[in-house]
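A short worksheet on the structure shown next.
The values are calculated or read from the model by the stated rules, or taken from the named source; none is laboratory data. Owing to the predicted nature of the structure, the values given are computational and were not obtained by experimental measurement. Neighbour counts run over all protein chains shown; Cβ positions are idealised from the backbone, glycine included.
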There are 2 protein chains.
Amino acid sequence: MQTKEQSTEARALLAANVQELRTKMGVSQEKLAEMAGFHRTYVSQVERRVANATVDNVQKLANTLGVPVQRLFEDVKSA
Amino acid sequence: MQTKEQSTEARALLAANVQELRTKMGVSQEKLAEMAGFHRTYVSQVERRVANATVDNVQKLANTLGVPVQRLFEDVKSA
């Protein structure tokens, strides 16, 4: 069964984009988590693909990073 | 508190795009749910913005609809 592997593609894109934008913003994982109203370890979990984020939480991340939600699923590898 | 309202923007985009692509595909909400391996009412919940979908489930919807995840958060209103 490859279902679990397939399902991680979106997590990988989210993780890479959050990390990229957060680094550009110059804030730590814990700081971004605080700014977005999350538990202090949540951004770390997203960037390590451990968390299966909800759409509402992706929205909060996008709002805090100042980008549209769509930007967090951009395929940066192919750009 | 406008937090809840803010957080529904991504749900609205997801709902609109899933509905649009599903209709183009010519399948019912229940059929798409079945194809994606969800409970039969799940696509209906997503399209009514009731469900706070997870990234993994958004991935499954994208796979079933044959589009990248990013496409499901496209702002069709501004296109």
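Side notes on the structure shown:
- The residue that is farthest from the other protein chains (Cβ to nearest Cβ), counting only those in the range B:53-79 that are more than 15 Å from A:GLN70 (Cβ to Cβ) and either surrounded by fewer than 17 Cβ atoms within 10 Å (Cβ to Cβ) or among the hydroxyl-bearing types (Ser, Thr, Tyr) (or both), is B:GLY66.
Rundown of residues vs (1) at pLDDT below 95; (2) of a type in the set (A, V, I, L, M, F, W, C); (3) in contact with a Cys (Cβ under 8 Å, 6 or more places away or on another chain), yes/no style:
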{"position": "A:GLN2", "(1), (2), (3)": "yes, no, no"}
{"position": "A:GLU5", "(1), (2), (3)": "yes, no, no"}
{"position": "A:ARG11", "(1), (2), (3)": "no, no, no"}
{"position": "A:LEU14", "(1), (2), (3)": "no, yes, no"}
{"position": "A:GLU30", "(1), (2), (3)": "no, no, no"}
{"position": "A:ARG40", "(1), (2), (3)": "no, no, no"}
{"position": "A:VAL58", "(1), (2), (3)": "no, yes, no"}
{"position": "A:ASN63", "(1), (2), (3)": "no, no, no"}
{"position": "A:PRO68", "(1), (2), (3)": "no, no, no"}
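- Any hit, the range B:56-71, residues being without any contact (Cβ under 8 Å) to a residue 24 or more places away in the chain, of a type in the set (Val, Ile, Thr) and under 21 Å from A:ALA53 (Cβ atoms): yes
Yes/no per residue for (1) touching a Leu at 6+ places or on another chain (Cβ under 8 Å); (2) among the polar types (S, T, N, Q):
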{"site": "A:VAL18", "(1), (2)": "yes, no"}
{"site": "A:ARG22", "(1), (2)": "yes, no"}
{"site": "A:VAL27", "(1), (2)": "no, no"}
{"site": "A:ALA36", "(1), (2)": "yes, no"}
{"site": "A:VAL43", "(1), (2)": "yes, no"}
{"site": "A:ASN52", "(1), (2)": "no, yes"}
{"site": "A:VAL55", "(1), (2)": "yes, no"}
{"site": "A:GLN59", "(1), (2)": "no, yes"}
